[in-house]
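Inspection log for the structure reproduced underneath, given as structure tokens.
All of the numbers you see were taken from the coordinates with simple rules; none came from a lab. Owing to the predicted nature of the structure, the values given are computational and were not obtained by experimental measurement. Backbone-built Cβ (ideal geometry, glycine too); neighbour counts: all protein chains shown.
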Amino acid sequence: MKYIATMQDVTIQSGQASFVGSQEIAQRIRSARARAGFTRKQLAAASGASERYLAHLEAGTGNPSVEMLLAISEALGMAMAELLPMGGERDAGVAHAAQLLRRAPPERVREALAWLGERPDAVDGKGRRVALIGLRGAGKSSLGQALADRLSVPFFEISKEVEQRYGGSIGVLLEINGPAALRRYEADVLRDICRTNAAAVIAAPGAVVADGKLFDQLLRETWTVWLQATPEDHMSRVVAQGDLRPMTGNRTAMNDLKAILAAREADYARADARLDTSGQDFNHTVSMLEGVVASFAG
Ligand SMILES: Nc1ncnc2c1ncn2[C@@H]1O[C@H](COP(=O)(O)OP(=O)(O)O)[C@@H](O)[C@H]1O
Ligand SMILES: O=C(O)C1=C[C@@H](OP(=O)(O)O)[C@@H](O)[C@H](O)C1
Ligand SMILES: [Mg+2]
């Protein structure tokens, strides 16, 4: 087995092996897992690592093999380099610039691309397609359908389209074919919706930001709106629907929800617009959303 650290790097702290960079790898795995909305158990199942082993890695006391880091990064839908200190870049300046770009709003990224001589994506590539993003309970499905009705355009829910195309539930798809297959289905469904509909409202999967490629595709091909709500509203809306999927069997549900929101905030913030849906009734929110969308189309 190959190890990331050489023996000289390994120091023994209270009986556990740790090495230079182990804390940074630990932090990157923790935040990538929160962004993906995986419990430790789910990541263990998807990557083949044991829960106990993941706990060590996330505490900075594990010493992962290249093979294991690769399995974890694939389960999280990211490049292995993203789990390594300095984003896998050898030059600290390039690593810092890459980090800033990942967090920058779309217009700054377009400016940076233009400065580098790259042609930014044409704005009309988004047509009159609107995609709603946000955590479970934000209102992607319900506000999305209501907005599509008001605008008289078709409504698509990416997860439902995937299930239809696959011929089974997302749960079964994940269990049998794995997360990479789900990502392929989502990307194909989005591409086909955009190819065949100049105008549409699309509800993105809640965890869309965890898949960098899919999220980039969505930002390029649709006008995106981040539906925001307080953690309390997210929780009460999901509970009111009787669906406890993200929180099942989890005693620290509210803390987890807050951690997922915090971990995803910078990514959700890349949307073209945001709308706070908390503290107001549903129909008023639909009207506000209509106003936001009108500002895109002019
Ligand atoms: N102001 C509001 N904005 C959005 N949803 C609201 C609002 N007030 C109440 N709700 C309710 O909250 C729930 C949002 O859930 P849903 O649309 O399924 O979200 P998502 O698809 O993002 O998980 C719906 O049942 C909706 O009727
Ligand atoms: O945000 C998330 O991590 C999730 C959101 C849910 O999707 P919707 O918000 O599209 O219902 C569902 O796929 C799953 O519970 C994970
Ligand atoms: Mg939904």
For the chain: Kirkwood Rh in Å [reciprocal of mean 1/r, alpha carbons]:
20.7
As a percent rounded to 5, the proportion of antiparallel DSSP bridges among beta bridges in the chain is 20
Hey, rough spin-label estimate for residue 192 and residue 172, points 7 angstrom out along Cα→Cβ, what's it come to in nanometres?
1.8
Give me the one-decimal Kirkwood hydrodynamic radius in Å for the range 127-297, with the sum taken over alpha-carbon pairs.
16.4
First select every other residue whose beta carbon is under 13 angstrom from the beta carbon of residue 225; then total the charges, Lys and Arg +1, Asp and Glu -1.
+2
Can you spot the lysines whose alpha carbon is less than 17 Å from residue 213's alpha carbon? Ignore those fewer than 8 places along the same chain.
126
Answer in debye to the nearest 20: the dipole magnitude of the chain about its Cα centre, from +1 Lys/Arg and -1 Asp/Glu charges placed on Cβ, is 180
Suppose R0 equals 51 Å; then what is the FRET efficiency for residue 145 and residue 65 from their Cβ-Cβ distance, rounded to the nearest 0.05?
0.60
Assigned charges on the beta-carbon of Lys, Arg, Asp, Glu; the range 127-297 dipole about Cα centre (debye):
260
Between residue 82 and residue 97, what length in nm is gained on full extension when 0.36 nm per residue of separation is reduced by their alpha carbon distance?
4.0 nm
Extension gain (nm, one decimal) between residue 278 and residue 41, 0.36 nm per residue minus Cα-Cα:
82.2 nm
Within the set 70, 174, 113, GNM on the chain using Cα springs under 10 Å gives the largest fluctuation to 113
So, in nm, how far is label residue 256 from label residue 24 when the simple model puts each one 7 Å beyond its Cα toward the Cβ?
3.0
